[in-house]
Amino acid sequence: MGIGPSTKETTLHHFQDPIVAILGEDTDIDFQGILVVGTPQDNYLKYLVGKRTAVWLQRMQTDGVIVSTDGWGNSDIDFANTLAQIAQNDISIVGLKFIGTQAGFVVENEYTKMVLDTNKSESGTETQVVGENAVDKIDAKKALAFIKLKMRQSKS
């Protein structure tokens, strides 16, 4: 399990990351930066990275986070836990992930319901077209609109 050709984020994608571009252009938010978290093999470490991420964001006084993953399968454990840890620290979250017509998440919780699907293939499946299902500007705009809404709701 992991990433396939259509969810693969190429080097060019990273240099022109649509999430960074959209968040960087928006004057309504204070874009704090990017936090890259790995996917450990060990379950103890899978839960530890989520806890550490949440603490880091809390110490930065972050109001909202867009969490993106380009994997599936075993990495869903890390992803779902990280979403939960962040949200449980009173930080608004939105996720981005390729879901398509797969069986869904390997591990689910109440926070995986806040994940937007980046699927773009007609079949809803992993394809052999490199980058076809990677996050694009439309996905980033949807995530930005959703996180702004979540942050506004949490303030009221």
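Only the coordinates and a few stated rules stand behind these numbers; no lab work does. Only a predicted model underlies this, so the values are computations on that prediction, with no experimental measurement involved.
Quote to one decimal, in nm, the extra length available between residue 128 and residue 12 on full extension: 0.36 nm per residue of separation minus the C-alpha distance between them.
Working: separation 116, 0.36 × 116 = 41.76 nm, distance 1.80 nm.
Value of the extension gain: 40.0 nm.
Under the 0.36 nm per residue contour assumption, what length would be gained going from the current alpha-carbon distance of residue 42 and residue 152 to full extension? Let's see the in-between values first.
On the way: separation 110, 0.36 × 110 = 39.60 nm, distance 3.66 nm.
Gain on stretching residue 42 to residue 152: 35.9 nm.
Lysines near residue 113 by alpha-carbon distance under 22 Å, same-chain residues fewer than 8 away left out - which ones?
In chain and number order, the partners are 46, 51, 97, 137, 141, 142, 148, 150, 155.
Top mean-square fluctuation among 108, 126, 25, Gaussian network model of the chain, C-alpha springs under 10 Å?
Checking each option, the largest mean-square fluctuation is seen for 25.
Quote the Stokes-Einstein diffusion coefficient, in whole µm² s⁻¹, for the chain, based on the Kirkwood radius over alpha carbon pairs, a temperature of 20 °C and a viscosity of 1.002 mPa s.
Working: Rh = 15.9 Å.
Result for D is 135 µm²/s.
Taking 1 over the mean of 1/r across every pair of different Cα atoms in the range 48-93, what Kirkwood radius in Å do you get?
Details: mean 1/r = 0.0946 Å⁻¹.
Kirkwood hydrodynamic radius for the range 48-93: 10.6 Å.
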